[in-house]
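All remarks here apply to the structure that follows.
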Amino acid sequence: MAAAFVLWTMMIGVGVARAQAASCADLRAQKDKVYGFHLTQLNEAQIDAKSREIDAYWKQLQGAGPEGVSCLKELLTSEKTDHLFQFDAASFLFQLDKSPDSLNLVKDAIVQTDFQETDPANYLSLALELGQRGVNIQSLAARLLLFPNAIIHISEHSLDLDSDTAALFLYGSMDSAKACKGLIAQLQAQEPFVRAAAAHLLAEQMTEEAFRTLSAWSGLADIKEDYRRNDIQSVMKYQAPDPAEFANPKWTREQVLQVIAGLPHTRKEFDDVMSTRGAEFDRQMREKKPSQEELAKAVAESEPIYGIADRTAFQNAAVATLKAEDFDTLREARRRALYNISDESLSEYLAYTQVMIRLLNRLELYKDYRAH
């Protein structure tokens, strides 16, 4: 898959002389000269040349100041067919203007992204950021379901995502009511692979609406992929818990809820915790010089610092002590865990998912919709 042509990132924050700021007519004419190509049809030398042209164009637009931003909005609003320009321009606008109108313009532009021309990893990251700023990203999440065999490579974390997992970052970070509404609509999609993916992701929402819909949906038997069927079954079918797994919990219900409420969910919060409690835990471990097995055990039995993943004792305490009215608290903590596209966020989301499934079984929640 072709690399993304989002070259504006090199220019943000760089001062640009405005001696002769280009007019919007100039910028429109130059845009028509620079864009209108297909990246997949260029050879390496042509890509290098085109990169320089694009770099110069965005410097020119940035040099136009506020008038350039206004022109950029006009260009984005009028452009309907050049999807590469739409994504580059939307990404540039997102860096310059985060007003509600601009954010919605960005969303409307990138929903038309061509993943043969633009790296879907950039699409996924931008879509998540839009969602975190209050934009309704149902349409952006749904677009990922149309590419069932996609492998999205997140180079920063050496992480490869299939389309279901990529869409999970978006649906999982949404308000559950919006996510369920969007996914339930996709159960009626024409493509069977979209319906299967939607059912898979809907099951993980674990809301009453999700359970009620899936229990009555006739398409479950048509899902062919084992991993999707197994995940749906783990949610929709009651499994008797092993009481030994959560006997003698190390934390009380109040302590569990307090720990969850205090976990970091932004980059700044993570950095703060890393420099304080995280640094202290690391110091203690260095002094003890544990083996890998001893270190893993210490982590499993310790109070969560960054999240609940790998904190087995804490997860068991959550399953043992939390009540039905705490289920929404877990769901919200899981949603907030997807603060960026990384294996750490994904591991945290999945850890909460397992705690929620186990709590479903211990308390027999939503029993009217789950198979026994």
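The values are calculated or read from the model by the stated rules, or taken from the named source; none is laboratory data. Worth saying up front: this structure is predicted, and the values here are computed from it rather than measured. Glycine also receives a Cβ, built like all others from the backbone with ideal geometry; neighbour counts cover every protein chain displayed. Ligands, DNA and RNA are excluded from the accessible area calculation, which covers all protein heavy atoms including side chains. Shrake-Rupley method; radii C 1.70, N 1.55, O 1.52, S 1.80 Å.
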- prompt: Given just the C-alpha atoms of region 219-286, how large is their convex hull per residue in cubic angstrom?
  reply: 221 Å³
- request: Taking 7 Å along the Cα-to-C-beta vector as the label spot, tell me the Arg286-Ser155 distance in nanometres, rounded to one decimal.
  value: 3.3 nm
message: If I take all pairs of Cα atoms in region 20-108, what percentage of them are more than 14 Å from each other?
response: 63 percent
- request: Would you kindly find the accessible area of His38, with a 1.4 Å probe and non-protein molecules such as ligands, DNA and RNA excluded, rounding to the nearest 10 Å²?
  value: 100 Å²
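Over the residues of region 56-127, compute the C-alpha Rg and express it relative to 2.2 N^0.38 Å. Present the calculation step by step, with values, prior to reporting the outcome.
Numbers: Rg = 11.5 Å, N = 72, 2.2 N^0.38 = 11.2 Å.
Dividing the Cα radius of gyration by 2.2 N^0.38 Å gives 1.03.
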- request: Rounded to the nearest 0.05, what FRET efficiency do Gln112 and Ser215 give with R0 = 35 Å and r taken as the Cβ-Cβ distance? Could you check?
  value: 0.45
query: Which entries in the list Lys50/Lys178; Lys237/Lys289; Lys73/Lys178 go over 32 Å, if you measure between the two C-alpha atoms of each?
result: Lys50/Lys178; Lys237/Lys289
- prompt: Which value, in Å² and to the nearest 10, is the accessible area of Thr321 when all protein chains are kept and the probe is 1.4 Å?
  reply: 30 Å²
- line: In the chain the accessible area split gives carbon plus sulfur, as whole percent at 1.4 Å, a share of 49 percent
task: Quickly work out the Asn104-to-Arg229 label distance, labels modelled 7 Å from Cα along the C-beta direction, and quote it in nm with one decimal.
output: 4.4 nm
field: Tyr227, Tyr123, reordered so the largest accessible area comes first (probe 1.4 Å)
entry: Tyr227, Tyr123
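Stick to Cα atoms and the Kirkwood definition of Rh, then tell me Rg/Rh for region 122-206. Please report the intermediate quantities before stating the final value.
Details: Rg = 12.1 Å, Rh = 12.8 Å.
Taking Rg over the Kirkwood Rh, I get 0.95.
Kirkwood hydrodynamic radius of region 178-224 from all distinct Cα pairs, in Å?
Values: mean 1/r = 0.0968 Å⁻¹.
It works out to 10.3 Å.
Please report the projected area of region 236-365's Cα convex hull averaged over all directions, in nm². Provide the component values of the computation, followed by the final result.
Values: hull surface 34.1 nm².
Mean projected area of the Cα convex hull: 8.5 nm².
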- prompt: Given the protein chains as shown and a 1.4 Å probe, how many square angstrom of Glu209 are accessible, to the nearest 10?
  reply: 70 Å²
task: Counting only heavy atoms of the protein chains, get the accessible area per residue of region 163-210 (1.4 Å probe) and round it to a whole Å² value.
output: 32 Å²
- request: Sort largest first and round to whole Å: the equivalent ellipsoid semi-axes of region 307-372, each the square root of five times a Cα gyration tensor eigenvalue.
  value: 22, 13, 10
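Note down the magnitude of the dipole of the chain about its Cα centre, charges +1 on Lys and Arg C-beta and -1 on Asp and Glu C-beta and zero elsewhere, to the nearest 20 debye.
On the way: 41 positive and 54 negative charges, 114 e Å.
In debye, rounded to 20, the chain gives about 540.
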query: Cα extents of region 144-287 along the three principal axes, largest first, in whole Å?
result: 58, 41, 27
message: Only sites in a loop by DSSP and with at most 15 other Cβ atoms within 10 Å count here; which trypsin sites (Lys or Arg not before Pro) in region 119-203 make the cut?
response: Arg133
- line: Here the tail fraction of P(r) beyond 17 Å, over all Cα-Cα pairs of region 111-158, rounds in percent to 33 percent
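Suppose a student asked you for the relative contact order of region 245-367, using Cα pairs under 8 Å spaced at least 6 residues apart; what percent would you report? Walk me through the numbers before you get to the answer.
Values: 114 pairs, mean separation 37.3, N = 123.
RCO, region 245-367: 30 percent.
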- line: Contour minus Cα-Cα span, Glu301 to Asp242, at 0.36 nm per residue, comes to 19.3 nm
message: For Ser342, Ser125, give me the order by solvent-accessible area with a 1.4 Å probe, most accessible first, ignoring ligands, DNA and RNA.
response: Ser125, Ser342
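Can you give me the convex hull volume of the Cα atoms of region 49-185, divided per residue and expressed in Å³? Could you put the intermediate results ahead of the total?
Details: hull volume 16.6 nm³, N = 137.
Cα-based convex hull of region 49-185, divided per residue, equals 121 Å³.
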- request: Once every Cα of the chain carries one equal point scatterer and solvent is ignored, give the base-10 log of I(q)/I(0) from the Debye formula at q = 0.09, 0.11, 0.12, 0.15 Å⁻¹, two decimals.
  value: -0.62, -0.87, -0.98, -1.28
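Using the structure shown, select from Lys323/Lys367; Lys297/Lys323; Lys80/Lys224 the pairs with a Cα to Cα distance greater than 25 angstrom. Working shown, then result.
Details: Lys323/Lys367 15 Å; Lys297/Lys323 27 Å; Lys80/Lys224 37 Å.
With Cα atoms farther than 25 Å apart: Lys297/Lys323; Lys80/Lys224.
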- prompt: Around Ser125, with a cut-off of 12 angstrom between Cβ atoms, what is the net charge of the other residues, counting Lys and Arg +1 and Asp and Glu -1?
  reply: -3
query: By accessible area of protein heavy atoms, probe 1.4 Å, what ranking do Met274, Met236, Met206 get, highest first?
result: Met274, Met236, Met206
